[in-house]
Every structure is written in structure tokens, then in C-alpha cells.
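The next block holds one structure in the form of C-alpha cells; read it before the comments.
The values are calculated or read from the model by the stated rules, or taken from the named source; none is laboratory data. Keep in mind that what you see is a predicted model, and the values were worked out from it rather than measured. Here the Cβ positions follow ideal geometry from the backbone for every residue, glycine too, while neighbour counts run over all protein chains shown.
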Amino acid sequence: MDDLQFGTRNKRGDWSPNAPAETAPLFVFPPRPLKLLRWLPHYFLPYNLLFFLSALAWWHWVIPPVEVMQTLAWGWVLRLLAVNALAVFLWYGLFELHLYVRRAQGNRFKYNGKFPAEQPSDVFWFRSQNIDNFLRGMLSGVPIWTGLQVLVLWAFANGHVPWVEWAAHPVYLALLCLVVPVIHEFHFFCIHRLIHTPFLYRWVHSVHHNSVNPSPWSSLSMHPVEHLLYFSTILYHLVIPSNPVVAIYQLHFAGFGAVPGHVGFDKVEIGENRAVDTHAYIHYLHHKYFEVNYGDGLIPLDRWFGTFHDGSSEAEARMNARYQAKKARANARAASGRSR
Ligand SMILES: [Zn+2]
Ligand SMILES: [Zn+2]
């Protein structure tokens, strides 16, 4: 496909889309019903449906019977860890292999013209973004993901939290499934904003931001504290009356859903004339500019807090004005400190 029909490429080779990034027409006032209807299929396809089906698959084939989960034992916990690790390897690896190893579509639709493999850096383990990102995801990401999953399943199995049955409350649980992405967005925005405070940024979140040019393995390249905060979205299902399948869906939404935001390409080509939107631009701009787009745009929180960047030059000017004002405030504080 000719990506220059959809965007422009600068002299560094970085591609950016013509259309500015948009937040979902979900929490807007006045409501925009037509826009909402046009957007609605994207709410389900392809990712959310896929992650929900994966939760069902785990429930049927991976998660052991309730009696087994009542006791914490290495057998079922390690099996779950192994399946989660294998699934991450395959799902993340699929994008990595296609777009970054085989480079099947070259740099068409690629935001950053360079590939991480071409840019060794001392900030990464073994000077390699790929090895560093892969190891961090596997060594602490997947174990923490699994640990929280085990905790929640154990709590359900022992009756420590209410277990809402599908047969008794199908409508409630279906609605709860629809709200899963909204819970994720709210949680992610809050913890993400928190770890951008200076102390936590320096000690925790900077690990994730080492990947200025993210690739699929960057998705789970985090400090263990960030893994813990990120995957704790499953804990909402210990508070809200829920069902283990919905809780797993929430976890898979975080775990498998991190890839599309870090894929680094605006579209993944399928055949000659077709391509699937990744919706990665909002989070790519976060990796590029750091202090914009703390959320993914499902709830327009960044618009409400004035930190939204849609990729346009107007947004760039707004961001720079905000940085200048912040710098001026810091200088004023330093000056008043000196005069005291
Ligand atoms: Zn990221
Ligand atoms: Zn960040």
C-alpha cells in the first residue's frame, strides 16, 4: 500500500498520519450518536472480542477446577505461568516477527523511521532494546501477571468474594464485560499519571520510557513496581461483584492489549489493498513526548486535563506552551527560594 496517501514522511524517515488522533466519541457532551454508531464496531473488533475469547479459552482449557484452586500449590500455578508466558511469546512474537524481524511491510506506516535493532544504547540490558524489553516482560511481567491472577482465582474459589453466576445474572455480567475497557482506561490513566510524578518516574517508569521508539516487546518492558500497578486492574473484580471469566478478561485486556499501543505502525497491512488500524498513535506520541497522552483516549481524560496531543502542529504548540509555563513556574520557585 502507498502510505503517503494516508500521511507524510519527514526527512528523518518518520511517518505521521494526515488525520489527527481522536479520542472515542463515548464520553462527549453533547452526545454524538451518529459518530458513536460508526465507532462502535471498533469497540469490539478485532481486539476486545479476541481478548474476551481468550479469557473463555483460559477458563475452559487452562484454569483448573475450583477445588484445585482452593489450595495454593505449585502444580497449577506453574502451569498457568507457563501458558501465560507461551501466550505472550506467541502473541507479541507474531507482531515482532512480522513487522520487525521479517519487516514484511518495510517502514510503510511506521511512525519512527528507524528500527530498534539499528540503535544500540547503554540504557538497555546488553545494549539491545529487543533483548532488554523481552527479558523484562518475561522475567517480571508475566510472573506478576500470573501472581495476581492466582490471587484472584484463589479468592473466588474460596468464596472470599461474591461469584456472580452467568445463568443467574447474564445481563449484568454482559454489561460488566462492556465496561472492562473503561475500567482499564480509568485505572491506566490514574496509575500512569502517578508514575509520572518525579520520584516514581525516576525510579520506576523511566524503565518503560527507555524505549522512545517502541516495538511489540516494549509493551511489557516495565519496572516490577509498574507491572504490579498495571496488572492490579484485575483487583477491581474483588470489589465489584463479578465472575472469574470477566476478571481474566480484564487481565488479558491489560496483558495482551498492551501490544497494539506499542506496535509502532499506524496500520498493519493485510494483503495488497487492505490494512488494519492499530490505534497506536496516541500512545506512540506519549513515548515520543513523555508528558502528553497519559491515557489511550477511550475516556477523554487527557482532553479534560489539557494533556491531549493529537499529532497536529496546534497540539505541538499547546504542549510547548505548557512546558514553558511549567519551566517558568519552576524558575520562579527557585528564585523565591534563593531570595529567602
Ligand atoms: Zn508505553
Ligand atoms: Zn509514561
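List of remarks:
- Answer from ARG329, ARG318, ARG333 - the residue that is surrounded by 13 or more Cβ atoms within 10 Å (Cβ to Cβ) and not in a loop (DSSP other than H, G, I, E, B): ARG318
- Failed item in (1) within 30 Å of VAL66 (Cβ to Cβ); (2) more than 17 Å from the chain's Cα centre (by Cα), with ARG303 passing the rest: (1)
- Unique match (being modelled with pLDDT of 95 or more and on the phi > 0 side of the Ramachandran plot) among ASN293, ASN243: ASN293
- Residue in the range 72-81 that is in a loop (DSSP other than H, G, I, E, B), touching a residue at least 40 places away in the same chain (Cβ under 8 Å) and under 28 Å from GLN149 (Cα atoms) present: yes
- Residues being within 21 Å of the chain's Cα centre (by Cα) and in a helix (DSSP H, G or I) - total across the range 100-111: 1
- Filtering the range 112-151 to residues that are aliphatic (A, V, I, L, M) and within 21 Å of the chain's Cα centre (by Cα) leaves ILE131, LEU135, MET138, LEU139, VAL142, ILE144, LEU148.
- Flag for SER242 being of a type in the set (S, T, N, Q) and over 19 Å from TYR289 (Cα atoms): yes
- Considering residues of the range 4-46 that are touching a Gly at 6+ places or on another chain (Cβ under 6 Å) and either hydroxyl-bearing (Ser, Thr, Tyr) or part of a helix (DSSP H, G or I) (or both) only, the residue surrounded by the fewest Cβ atoms within 10 Å (Cβ to Cβ): SER16
- Pair list, Cβ under 6 Å, 6 or more apart: the range 284-297 residue closer than 16 Å to PRO17 by Cα, other residue away from ligand 1 (no atom under 12 Å from the Cβ) and in a helix (DSSP H, G or I): none
- Taking every residue in the range 191-213 that is closer than 16 Å to HIS227 by Cα and pairing it with any residue that is of a type in the set (Ser, Thr, Tyr) and near ligand 2 (Cβ under 10 Å from one of its atoms), at least 6 positions away or on another chain, the pairs with Cβ-Cβ distances below 7 Å are HIS192/TYR294; ARG193/TYR294; ILE195/TYR201; HIS196/TYR294.
- Among residues of the range 207-218, those that are near ligand 1 (Cβ under 7 Å from one of its atoms) and either touching a His at 6+ places or on another chain (Cβ under 6 Å) or within 7 Å of ASN133 (Cβ to Cβ) (or both), counted: 2
- Taking every residue in the range 9-22 that is at negative phi and pairing it with any residue that is among the small types (Gly, Ala, Ser) and in a strand (DSSP E or B), at least 6 positions away or on another chain, the pairs with Cβ-Cβ distances below 6 Å are TRP15/GLY7; SER16/GLY7; PRO17/GLY7; ASN18/GLY7.
- Subset of the range 265-283 (residues that are away from ligand 1 (no atom under 13 Å from the Cβ) and either closer than 25 Å to LEU53 by Cβ or free of Cβ contacts under 8 Å to residues at least 60 places away in the same chain (or both)): PHE265, LYS267, VAL268, GLU269, ILE270, GLY271, ARG274, ALA275, VAL276, ASP277, THR278, HIS279
- Taken over the range 167-185, residues that are assigned to a helix (DSSP H, G or I), more than 16 Å from ligand 2 (Cβ to nearest atom) and not aliphatic (A, V, I, L, M) amount to 4.
- The range 36-92, residues that are aliphatic (A, V, I, L, M) and more than 23 Å from the chain's Cα centre (by Cα): LEU37, VAL62, ILE63, VAL66, VAL68, MET69, LEU72, ALA73, VAL77, LEU78
- Any helices (runs of 4 or more DSSP H) falling wholly within the range 196-304 and containing at least 1 residues that are surrounded by fewer than 21 Cβ atoms within 10 Å (Cβ to Cβ), of a type in the set (A, V, I, L, M, F, W, C) and more than 11 Å from ligand 2 (Cβ to nearest atom): 224-231, 236-239, 244-255
- Residue check, TRP125 modelled with pLDDT of 95 or more and of a type in the set (A, V, I, L, M, F, W, C): no
- Scope the range 48-65; condition assigned to a helix (DSSP H, G or I) and of a type in the set (Val, Ile, Thr); matching residues: VAL62
Conditions tested, residue by residue: (1) among the hydrophobic types (A, V, I, L, M, F, W, C); (2) within 15 Å of ligand 1 (Cβ to nearest atom).
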{"site": "VAL263", "(1), (2)": "yes, yes"}
{"site": "PHE290", "(1), (2)": "yes, yes"}
{"site": "GLY297", "(1), (2)": "no, yes"}
{"site": "ALA330", "(1), (2)": "yes, no"}
